[in-house]
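This report concerns only the one structure given below.
The values are calculated or read from the model by the stated rules, or taken from the named source; none is laboratory data. This is a predicted model, so every value here is computed, not measured. Here Cβ is always computed from backbone atoms with ideal geometry, including for glycine, and neighbour counts include all displayed protein chains.
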Amino acid sequence: MKIVPIDLGERSYDIEIDQNALSRIGAAVESLGSVSRVALITDDNVEPLYAEVASQAIVERGLDLDAIVVPSGEQTKSLDYAEALWEQFLEIKIDRRSVAVALGGGVVGDLAGFVSATYARGIRYFQVPTTLLAQVDSSVGGKTAINLPSAKNMVGAFHQPSGVLIDPTVLNTLSDDQYRAGLGEVVKYGASLDENFFAYLEQNTEKVNARDPIALETVISRCCELKAEIVKKDERETSGLRALLNYGHTFGHALESRIGHGKLLHGFGVALGCSLAARLAFCLAQKGDDRFSDINESWIARQDKLFESLGLPTRLRDLPAVVGVEVDCSPEKLVELMSTDKKTEFGQLNFVLPRKIGDSFLVRNVSVSDVLDALHLQ
Ligand code: GLY
């Protein structure tokens, strides 16, 4: 078992990475003390696989449990489903001493987290992530959200969980695409924050592709440690440090909105986004910006190679094969999408860009012509 503490004063909690994590849920909930009821929230993909073992672990501690199953998929992260959960919480008599358990991927984690943040002005909850993407990113750090029809994650709250329980063996039932999407975020951590971790991934691609449980424990715990370091210094993303977790995300989000959320999986968008961000840094280096003097063609090739060896796309021309349809992702269209993104600050194009492997920084107000040049390099 590995434990990664998230040090946030009175909001501190542990991330436990353990092959028996699911059977420890009940003990973890009980350890909070004064628990009136437990609501287990999961989706219809995860329910047949893991709800029983999770429920069993909760009821065997003498806790009163209700399970709520929502449909899987991005469309569930909506105000309608948040309202349905608030109503169900009321019906099953969830109160301020109750605890929610989010058992599922990013959609369940974000939705259940948001409902826990808002119901009765906030109740305690655990994250029990069952996708790689949720295990290395979305379940950690207290961001909760639902989508607006035209803007992903636009409505939400920072609400730290009481704990995160991660069982790497649940990844054995994950589809190949969902698994690779998680690897997109994994490579992001190495490329932007930790050169040694990047090298570890380069040296262990076979084991990672084979979902080797020991390699996965190392991978998940290192990602959680890197995220924990950042979250404890910039919990609410005010200093710009937490924004470093968004390497590849400015381009990635534009691609996701162009193609459709859920159609292009987030991690695939991140992989393409990191590849484009590297090319943007290269363009700036070519124009004499010495902040990017280490970014050359062999640097880009090294990053591309790691993504590709993990089955992830690095070129816009790979997109039709990834999403199964032709899509117009012309540079001009993508720039337009980035400029009109609801989350763009003051209409500026901001990017996390690499200085070298494992070292990145936030660059604000990049010019449209530089971005277009980078997109034309693809
Ligand atoms: N996924 C980025 C963050 O948690 O800040």
Please state which one of Ala281, Ala271 is buried (at least 22 other Cβ atoms within 10 Å of the Cβ), more than 30 Å from Lys207 (Cα to Cα) and touching a residue at least 40 places away in the same chain (Cβ under 8 Å).
-> Ala281
Please specify each residue of region 287-318 satisfying the condition of being in contact with a Phe, Trp or Tyr (Cβ under 8 Å, 6 or more places away or on another chain), assigned to a helix (DSSP H, G or I) and either β-branched (Val, Ile, Thr) or free of Cβ contacts under 8 Å to residues at least 12 places away in the same chain (or both).
-> Ile300
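For region 57-81, which residues satisfy the criterion of being surrounded by fewer than 15 Cβ atoms within 10 Å (Cβ to Cβ) and more than 21 Å from the chain's Cα centre (by Cα)?
Keep residues of region 57-81 that are surrounded by fewer than 15 Cβ atoms within 10 Å (Cβ to Cβ), which gives 59-60, 62, 64, 71, 73, 75, 79-80.
Across region 57-81, the qualifying residues are Val59, Glu60, Gly62, Asp64, Asp80.
Condition (residue is in contact with a strand residue (DSSP E or B) (Cβ under 7 Å, 6 or more places away or on another chain), over 22 Å from Leu272 (Cα atoms) and either free of Cβ contacts under 8 Å to residues at least 12 places away in the same chain or within 12 Å of the ligand (Cβ to nearest atom) (or both)) applied to region 197-218: is it met by at least one residue? Walk me through how you get there before you give the answer.
Pass one, region 197-218, residues in contact with a strand residue (DSSP E or B) (Cβ under 7 Å, 6 or more places away or on another chain): 217.
Those still in the list that are over 22 Å from Leu272 (Cα atoms) too: 217.
Imposing the further condition that a residue be either free of Cβ contacts under 8 Å to residues at least 12 places away in the same chain or within 12 Å of the ligand (Cβ to nearest atom) (or both) reduces the set to none.
No, because not a single residue in region 197-218 is in contact with a strand residue (DSSP E or B) (Cβ under 7 Å, 6 or more places away or on another chain), over 22 Å from Leu272 (Cα atoms) and either free of Cβ contacts under 8 Å to residues at least 12 places away in the same chain or within 12 Å of the ligand (Cβ to nearest atom) (or both).
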State whether the residues of region 169-181 include one that is surrounded by fewer than 24 Cβ atoms within 10 Å (Cβ to Cβ), among the aromatic types (Phe, Trp, Tyr) and touching a strand residue (DSSP E or B) at 6+ places or on another chain (Cβ under 8 Å).
-> no
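To keep it simple, each residue is scored yes or no on (1) surrounded by fewer than 17 Cβ atoms within 10 Å (Cβ to Cβ); (2) touching a residue at least 12 places away in the same chain (Cβ under 8 Å).
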site	(1), (2)
Val323	no, yes
Glu326	yes, no
Leu334	no, yes
Thr340	yes, no
Asn350	no, yes
Arg355	yes, yes
Gly358	no, yes
Arg364	yes, yes
Gln378	yes, yes
What single numbered condition from (1) in contact with a Pro (Cβ under 9 Å, 6 or more places away or on another chain); (2) buried (at least 17 other Cβ atoms within 10 Å of the Cβ) fails to hold for Asp294?
-> (2)
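Results for (1) closer than 23 Å to Asp304 by Cβ; (2) at pLDDT below 95, shown as yes or no for each residue.
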| site | (1), (2) |
| --- | --- |
| Cys223 | yes, no |
| Leu226 | yes, no |
| Glu229 | no, no |
| Lys233 | no, no |
| Glu237 | no, yes |
| Arg242 | no, no |
Gln160 is checked against (1) surrounded by 19 or more Cβ atoms within 10 Å (Cβ to Cβ); (2) within 16 Å of the ligand (Cβ to nearest atom); (3) assigned to a helix (DSSP H, G or I) and fails just one. What number does that condition carry?
-> (3)
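Just checking, how many residues over region 164-196 are outside any loop (DSSP other than H, G, I, E, B) and farther than 23 Å from Leu241 by Cα? Spell out the reasoning first.
So in region 164-196, the residues outside any loop (DSSP other than H, G, I, E, B) come out as 164-166, 168-173, 176-193, 195-196.
Those left that are additionally farther than 23 Å from Leu241 by Cα: 165-166, 168-173, 176-181.
Total meeting the criteria: 14.
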How do the pairs read when you match residues in region 115-142 that are surrounded by fewer than 24 Cβ atoms within 10 Å (Cβ to Cβ) and of a type in the set (Gly, Ala, Ser) with residues anywhere that are assigned to a loop (DSSP other than H, G, I, E, B) and at pLDDT 95 or above, using Cβ under 6 Å and keeping only pairs 6 or more apart or on different chains?
-> Ala117/His159; Ala120/Arg96; Gly142/His159; Gly142/Gln160
Within region 128-148, of all residues that are away from the ligand (no atom under 13 Å from the Cβ) and either within 8 Å of the chain's Cα centre (by Cα) or not in a strand (DSSP E or B) (or both), the one nearest to Ala100 (Cα to Cα) is Thr130
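Is it true that Ser239 is more than 11 Å from the ligand (Cβ to nearest atom), of a type outside the set (A, V, I, L, M, F, W, C), part of a loop (DSSP other than H, G, I, E, B) and closer than 24 Å to Lys356 by Cβ?
So Ser239 passes the test.
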Of Ala281, Ala321, which residue is out of contact with any strand residue (DSSP E or B) (no Cβ under 9 Å at 6 or more places or on another chain), part of a helix (DSSP H, G or I) and not acidic (Asp, Glu)?
-> Ala321
Single residue of Val70, Val59, Val53 found to be touching a residue at least 40 places away in the same chain (Cβ under 8 Å) and either at negative phi or acidic (Asp, Glu) (or both) | Val70
Identify the residue in region 243-265 that is out of contact with any strand residue (DSSP E or B) (no Cβ under 9 Å at 6 or more places or on another chain) and in a helix (DSSP H, G or I) and, among all such residues, is farthest from the ligand (Cβ to nearest atom).
-> Ile259
